[in-house]
Amino acid sequence: MMSKKALQSTRIVLCVTGSIAVYKAVSLLRTLVEEGADVTVVMTSSATQFVAPLTFEVLSGRPVLQRLFADSQPFPHLKATEDADLILVAPATANCLAKCALGLADDLLSTLFVAARCPIVMAPAMDGEMWDHPALAAHTRTLRGRGIVVLEPEDGPLASGLVGKGRLPAEDVIMEAVRSRLALRQDWSGQRVLVSAGPTREPIDPVRFITNASSGKMGYAMAEAAAQRGAEVLLVSGPTALSPPPNVKRVSVQTAEEMYQELDARFAWATVLVMTAAVGDFRPRHPSSAKAKKHEWAGEPLELERTPDILQSLSRKRTHHVLVGFAAESEDLIENGRKKLHQKNLDLLVINRITGAQSAFGNETNEVILLPRHGTPIEVERLPKRLLADRILDTVQEHCGMSPPSRSEQPHDRIRRIQ
């Protein structure tokens, strides 16, 4: 169990915007303080219409910042961000998300956001139809693309009387995000992590191909988490719309064979392999070098052959490695997972459920079962994929006997030689 003082001496700026969920921020503030954080509260003028600043001032023991030009503290946005270890926006309204994504700075909170140089966590709360608006979805993607943690709001009754997705995330989910982003530990320092991500594409002809629904989000989240915790990370990615995380080198591939060749060339360098890629199981046996014309196709079945089992092949070559695999299952998750765990000689298998509206494919969140080689299955509640990535790394450390790599070779030198 985590210590009550898990956030001892950390400096957090809690930004509160104008949502009916402001009252939940009061409880959140109390929890942050109980865990040892020094909290400065920033409120928008709209937020003060729901809860008086005095409430936050009494609980935090500090003046509440409200105005960009305050006589008592010139340039409060600069002072607050200079000292902060983390900025938490809870609740974050649709207006707040839009302003922060666009870089607008017309009040204290939005100016503070632009000036920030520390990790940021945003916990949205709004009406469900607002959350689903295309413009807001684009703003959320922009913020996440900059490394900001934007949590998913919860489903349930809303202040408007509707039922939908827009409720402030549960306090324990918000606290998990805070603890994760404040994990300044470099506990993966010295590790060399090889991550595969995304789908593969197997060409039928120059314009048609066989692929799958993987977005690559989980693999990119794993790469980002490992890099932020001090590891040297190399990401081998199938085709996705994602940008590589900071401090992560990406190698782009298309087919399963290309992915195997790139991973195989780098496997000896790695200490940990995280195989999140959804590698296609089949490819056309005889792809056409020219586009097949519809009127020329007589309707013959497309002849397929199996693609290489990348994880199985690399597992046979393991020496010092820790191997983490991912499995997409629709039924008998643990039973099928155990078979894969042992067949491929893995240290940890992450089992995704791929059926229903909450399928792992394409979603920002995921709910998984972690199956270590030595230990009992661990069910992980639904979390944003970036937070889930930290949970997986924690499990690798706890259950997989991860040891420091040999220092006989500098990782950067090795990467340069194999590229």
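The values are calculated or read from the model by the stated rules, or taken from the named source; none is laboratory data. Note that this is a predicted model, so its numbers are computed, not measured. Cβ atoms come from the backbone with ideal geometry, glycine included; neighbour counts cover every protein chain shown. All accessible areas refer to the heavy atoms of the entire protein, side chains included, with ligands and DNA or RNA removed. Shrake-Rupley method; radii C 1.70, N 1.55, O 1.52, S 1.80 Å.
Take the conditions (1) out of contact with any Phe, Trp or Tyr (no Cβ under 9 Å at 6 or more places or on another chain); (2) at pLDDT 85 or above; (3) of a type in the set (Lys, Arg); residue 317 misses just one of them, which is (1).
Only one of the listed residues (158, 151, 136) is in contact with a Gly (Cβ under 6 Å, 6 or more places away or on another chain) and either aliphatic (A, V, I, L, M) or closer than 20 Å to residue 240 by Cα (or both). That residue is 158. Just one of the listed residues (138, 197, 213, 221) is over 30 Å from residue 322 (Cα atoms) and not polar (S, T, N, Q), namely 138. The set of residues in the range 102-143 that are part of a loop (DSSP other than H, G, I, E, B) and of a type in the set (D, E, K, R) comprises 106, 107, 117, 127, 132. The single residue among 223, 231, 265, 197 that is open to solvent by 20 Å² or more (accessible area, probe 1.4 Å) and touching a residue at least 12 places away in the same chain (Cβ under 8 Å) turns out to be 265. With respect to the conditions (1) over 28 Å from residue 273 (Cβ atoms); (2) open to solvent by 30 Å² or more (accessible area, probe 1.4 Å); (3) out of contact with any helix residue (DSSP H, G or I) (no Cβ under 8 Å at 6 or more places or on another chain); (4) not hydroxyl-bearing (Ser, Thr, Tyr), residue 179 lacks only one, and its number is (1). Can you find a residue in the range 175-195 that is farther than 28 Å from residue 235 by Cα and of a type in the set (A, V, I, L, M)? Checking the range 175-195: at least one residue is farther than 28 Å from residue 235 by Cα and of a type in the set (A, V, I, L, M). For the range 146-170, the set of residues classified as over 24 Å from residue 101 (Cα atoms), open to solvent by less than 70 Å² (accessible area, probe 1.4 Å) and among the β-branched types (Val, Ile, Thr) is empty.
For the range 289-303, does any single residue satisfy the condition of being touching a Ser or Thr at 6+ places or on another chain (Cβ under 8 Å) and either over 19 Å from residue 233 (Cα atoms) or open to solvent by 40 Å² or more (accessible area, probe 1.4 Å) (or both)? No - not one qualifying residue is present in the range 289-303. Could you say whether any residue in the range 331-348 is under 25 Å from the mean Cα position of the chain (by Cα), surrounded by 11 or more Cβ atoms within 10 Å (Cβ to Cβ), at pLDDT 90 or above and over 30 Å from residue 173 (Cβ atoms)? No - not one qualifying residue is present in the range 331-348. Restricting attention to the range 152-165, does a residue exist that is assigned to a strand (DSSP E or B) and in contact with a Leu (Cβ under 8 Å, 6 or more places away or on another chain)? Within the range 152-165 (the criterion being assigned to a strand (DSSP E or B) and in contact with a Leu (Cβ under 8 Å, 6 or more places away or on another chain)), the answer is yes, since at least one residue qualifies.
Filter the range 289-310 for residues that are acidic (Asp, Glu) and modelled with pLDDT of 85 or more; which is farthest from residue 274 (Cα to Cα)? That would be 303.
Meeting the requirement of 1 or more residues that are modelled with pLDDT of 90 or more and closer than 30 Å to residue 138 by Cα, the helices (runs of 4 or more DSSP H) wholly within the range 1-101 are 22-34. For the range 21-45, residues that are open to solvent by 60 Å² or more (accessible area, probe 1.4 Å) and farther than 16 Å from residue 112 by Cβ total 4. Residue check: is residue 236 within 23 Å of residue 351 (Cβ to Cβ) and either open to solvent by less than 40 Å² (accessible area, probe 1.4 Å) or part of a helix (DSSP H, G or I) (or both)? Yes, satisfied. Every condition in (1) at pLDDT 90 or above; (2) of a type in the set (A, V, I, L, M); (3) more than 25 Å from residue 245 (Cβ to Cβ) holds for residue 195 except the one numbered (3). Scanning the range 369-384 for residues that are under 16 Å from residue 123 (Cβ atoms) and surrounded by 16 or more Cβ atoms within 10 Å (Cβ to Cβ) returns 383, 384. Screening the range 200-220 for residues that are assigned to a helix (DSSP H, G or I) and out of contact with any strand residue (DSSP E or B) (no Cβ under 6 Å at 6 or more places or on another chain) and picking the one that is surrounded by the most Cβ atoms within 10 Å (Cβ to Cβ) gives 218.
Within the bounds of the range 167-186, is there any residue that is part of a strand (DSSP E or B), in contact with a strand residue (DSSP E or B) (Cβ under 7 Å, 6 or more places away or on another chain) and not acidic (Asp, Glu)? Yes: the range 167-186 contains one or more residues that are part of a strand (DSSP E or B), in contact with a strand residue (DSSP E or B) (Cβ under 7 Å, 6 or more places away or on another chain) and not acidic (Asp, Glu).
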